[in-house]
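Down below is the structure, laid out as structure tokens.
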Amino acid sequence: MAPPTRPWHDQFVKLYIFPISHFSEKARWACDYHGLDYELVKLVPGPHMLTMKRLGVRRTTVPVLEGTGQTPIQGSDRIIAHLDERHGGPGLTPRDAGWEELVKRADLDLGEGLRRIFYANMMTREGVISLWSQDGAWWAKPVLHGVFPVLAKRVTQAYRLYPDDVAVAEQAFEALWVELEAQLGDRPYLYEDRLTRADITVASLLSPLVGPAQHPFPWSRHAHVDALLPFVARYRDRPLWRYVEALYARDRHTAR
């Protein structure tokens, strides 16, 4: 499905992201779908907290949508809701019941779960700095090298990168994967036979695993490290994997 043909303009002009973040990709996709004219601001994890403090947001997470004289909107779901409210054409929110629970589960079991599984297998200085400095400022690599021990400890605690937690995440990830395949069947979309925020959520959050060619971040260069290959192999070419590839090929337009 093609995005709206006429771009529209909002008072919000900047979208702050981590290039590697699948939650950021969720907001980027929605902004591009709606034809929002915005500046993409790519932050480096860790030093980004200074930017979050300047913006005056309550948390240190991205994405954040900012505009002149307006309160910044933090979080991909809040950003999508705002865009749907402002846009005059078809929104991304389904009319069908059940989508809200699905999106919440996807955020938890696909988004947070995949993040936990990936980082637990690649929490090394070389792996993390390669990911976090991609598309970053010239100073990103030297600064991240200097603060890596502190960051690694904080990330391990914040994302619970411990064996028992990772095992639970893998089980929940597989369970929701199977449920989504059953819901989809042979249909191209999860709801209403059109692209909705449920599809964007699932595809964006699975993009680090699938690595679709249309994704704006070159995941294939970084994410599929040797330690992750057995996990990736469990899902490669299964129906939900092919659904993500098809969505990106058909519906991911004007990626920046």
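The values are calculated or read from the model by the stated rules, or taken from the named source; none is laboratory data. From a predicted model like this one, the values you see are computed outputs, not experimental measurements. Using ideal geometry, Cβ is built from the backbone for each residue, glycine included, and neighbour counts are taken over all protein chains shown. SASA here: full protein model, heavy atoms, side chains in, ligands and nucleic acids out. Shrake-Rupley method; radii C 1.70, N 1.55, O 1.52, S 1.80 Å.
Of note:
- Overall, the anisotropy analysis places the range 77-191 in the oblate class: the square-rooted eigenvalues a ≥ b ≥ c of its C-alpha gyration tensor yield a/c not less than 1.5, with a/b not exceeding b/c.
- Over the range 39-107, relative contact order from alpha-carbon pairs under 8 Å, at least 6 apart, %: 15 percent
- Between the range 123-170 and the range 31-72, the alpha-carbon center distance in angstrom: 21 Å
- Across the options MET52, VAL143, ALA81, the greatest Cα extent toward the positive end of the charge dipole of the chain (unit charges at beta carbon of Lys, Arg, Asp, Glu) belongs to VAL143.
- Split the accessible area of the chain by element, probe 1.4 Å, and carbon with sulfur accounts for 53%.
- Local electrostatic count at ARG95 - Lys and Arg +1, Asp and Glu -1, tallied over other residues with Cβ under 14 Å: -3
- Across the range 106-115, computed HN-Hα scalar couplings (Karplus, 6.51 cos²θ - 1.76 cosθ + 1.60, θ = phi - 60°) run 5, 4, 6, 7, 8, x, 5, x, 5, 4 Hz from first to last residue, x flagging Gly and Pro.
- Net dipole in debye of the range 119-190 [+1 Lys, Arg Cβ; -1 Asp, Glu Cβ; about Cα centre; nearest 20]: 560 debye
- Out-of-range pairs (alpha-carbon distance over 18 Å; input LYS14/LYS42; LYS26/LYS104; LYS104/LYS153): LYS104/LYS153
- Gyration tensor verdict on the range 128-193 (Cα atoms; rounded if a/c is under 1.5, prolate if a/b is larger than b/c, oblate otherwise): oblate
- For the range 80-132: accessible area per residue (Å², 1.4 Å): 46 Å²
- Diffusion coefficient of the range 40-114 by Stokes-Einstein, Kirkwood radius over Cα pairs, 37 °C, 0.692 mPa s: 229 µm²/s.
- Remark: spin-label model distance VAL150-THR71 equals 3.1 nm, labels positioned 7 Å along the Cα→Cβ axis.
- Stretching the chain fully between THR61 and GLN171 yields a gain of 37.0 nm (0.36 nm per residue, less the alpha carbon separation).
- Global geometry of the range 163-240, whether rounded, prolate or oblate, following the gyration tensor of its Cα atoms and the 1.5 cut on a/c: oblate
- Computed from Cα atoms alone, the Kirkwood hydrodynamic radius reported for the chain is 18.8 Å.
- Its relative contact order, with pairs defined as Cα atoms under 8 Å and 6+ residues apart, puts the chain at 25 percent.
- Unit charges on C-beta of K, R, D, E only; dipole of the chain, Debye: 920 debye
- Antiparallel bridges, percent of DSSP beta bridges restricted to the chain (to nearest 5): 60 percent
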